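For reference, the structure is listed below as structure tokens.
The values are calculated or read from the model by the stated rules, or taken from the named source; none is laboratory data. In this text, all values refer to a predicted model and were calculated from it rather than measured experimentally. Cβ atoms come from the backbone with ideal geometry, glycine included; neighbour counts cover every protein chain shown.
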Amino acid sequence: MLESFERVVAIAASAVFLALAVLTATRGRRESALALPTALLCADLFAYLGFEVVGELTEAAPWEWLEAAAAAASGALLFHLVLAFVGARRTHRAALVVVYAYFGAVALSSLAPLAQPAWAAYPGGERWALAMLGGTVPAFALAAFLLVRYHRRAAGEERARTQLFVAAVAVGVGGAASDLASLAGAPAIPHLAGPGMLLSALLLSALALRARFVAGGVRTAVVTALLVAVLGVVAQLVVFRAFGGATAALVIGTLLVSLVVLAAARAIWSAATEVRERTAHLATLGRLSAQMAHDIRNPLAAIRGAAQYLEEELRRGGALADQAELIELIVEQSARLDRVVDEYGRLGRAKARRAATDVDALVEGVAERAQRALAAGATIAIRAEPGAAGEAQLDAELVTTALENLVRNAVEALGARGGAIVVGARRDGARVELSVADDGPGMDARTLERADQDFFTTKADGSGLGLAFARRVAEAHGGALAIESASGRGTTVRLRLLDVQPTP
């Protein structure tokens, strides 16, 4: 039975979890790897705490069974959130499947008394606690290892966010483990799950705002989510008080309250979604326009300057025959403008015009031009590393532009600190792999999760088109773009292209 203080703590924690679930579900950034796992975990913990309070108010066993099932599900969901935070969902996919299977089995067995009354003593009992500990200890030993390793590699703001997340996980798991140990028969173990849940909820809320995986308009979204959560919890308590003696009415009332809360959150989200999508669309168009304007402005300025000079020469009675270089410049830059327009058109159509291309020479040319373009005294060294890739059927112009964009990104990442950039090429059977590697600051796990999305950029004045263009080029050649990066360990972007031999 819950004491009154523990009940207040549980209600407060459930309100915070519900608010965070609503906030991340309705306002979470689509590109964030943390929004959805956080929303699911917080919704489950809200249900767990709600079942706990209902069980105390009604003294009905089915609520305790539901509480035990929700507690088991939270173990798998929290492990999933840890893997998402450290960017290890792909590398530890097998462990994630095993953890979901194990805790899913515990959750289902917690509901067994609904069909087999003989199991009534199992949920929340000693055997159930031992089963929970049997999954919690190995799963979160691995989670702790991954978090410690990630913390050692993190720096600056990312290190602070990691510390906040570690604290939230440690407090939540530690509090739950104390209750499990007590249920399993360990002597003199205090019950800390309630306070641990509340503190963990507050820490997760701070992390959600600090890690910026909630979309814009955060202040309004937080206030709205808290209001929905408070109203939901109050309505739930009213239902418990009114129908505490009638299980069927209590179940129906609980479902109605949950549906109203979900409907309110859905209505708020729907009202904001259209505006957000329109804003995102306009932002994308703005970035595309900015990049196109940048690509057009330089040749256009050269043409205008040459034309103005020729106009002045004609006014002074000069002869055009003496200005062959300027006329050649106008023709050359006009052709360049035509190529720019053509490249943007092909980017939209994603079509490659393949021709026999010396891959190693292409890579060497990109590196040489990039090195020459750097200002005098630059501390960045750009070199080619051809790998006997030989000749391939590629669209040389598109591939060259893609590599130049990737090299430009690497130069901007290195900045004033300087460093090295390697433009490489190698052949793997029918595939050609081109790469641009730098030894710059690299990216943290969540930035890497978003980096391969169209128009993503971490620079205030960036367009995010460099990687988008490179990906389109790779896809136009039947290949793909791959990014490898870690904080403090540089970044490598690989273009994997399929060499399609011409039809005889």
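Here are a few things to note about the model shown:
- Just one of the listed residues (Ala76, Ala131, Ala72) is closer than 15 Å to Ala143 by Cβ and at pLDDT 90 or above, namely Ala76.
- Answer residue from segment 472-493, given it is in contact with a helix residue (DSSP H, G or I) (Cβ under 9 Å, 6 or more places away or on another chain) and of a type in the set (D, E, K, R) and is modelled with the highest pLDDT among those: Glu484
- Residue in segment 455-471 that is of a type in the set (Asp, Glu) and either in a helix (DSSP H, G or I) or modelled with pLDDT of 85 or more (or both) present: no
- Answer from Glu391, Glu433 - the residue that is surrounded by fewer than 21 Cβ atoms within 10 Å (Cβ to Cβ) and modelled with pLDDT of 90 or more: Glu433
- Boolean, Ala118 is in contact with a helix residue (DSSP H, G or I) (Cβ under 8 Å, 6 or more places away or on another chain) and over 17 Å from Ala76 (Cβ atoms): no
- Among the residues of segment 137-182, those identified as over 30 Å from Gly124 (Cα atoms) and of a type in the set (Ser, Thr, Tyr) are Tyr150, Thr162.
- Members of segment 303-338 found to be exposed (fewer than 14 other Cβ atoms within 10 Å of the Cβ) and basic (Lys, Arg), listed by number: Arg304, Arg315, Arg316
- Some residue of segment 26-47 being part of a helix (DSSP H, G or I), assigned by TED's automatic domain parsing to the domain that holds Val82, in contact with an Asp or Glu (Cβ under 9 Å, 6 or more places away or on another chain) and modelled with pLDDT of 75 or more: yes
- Qualifying residue in segment 108-126 (condition: in contact with a Gly (Cβ under 8 Å, 6 or more places away or on another chain), without any contact (Cβ under 8 Å) to a residue 60 or more places away in the chain and more than 20 Å from Leu41 (Cα to Cα)): yes
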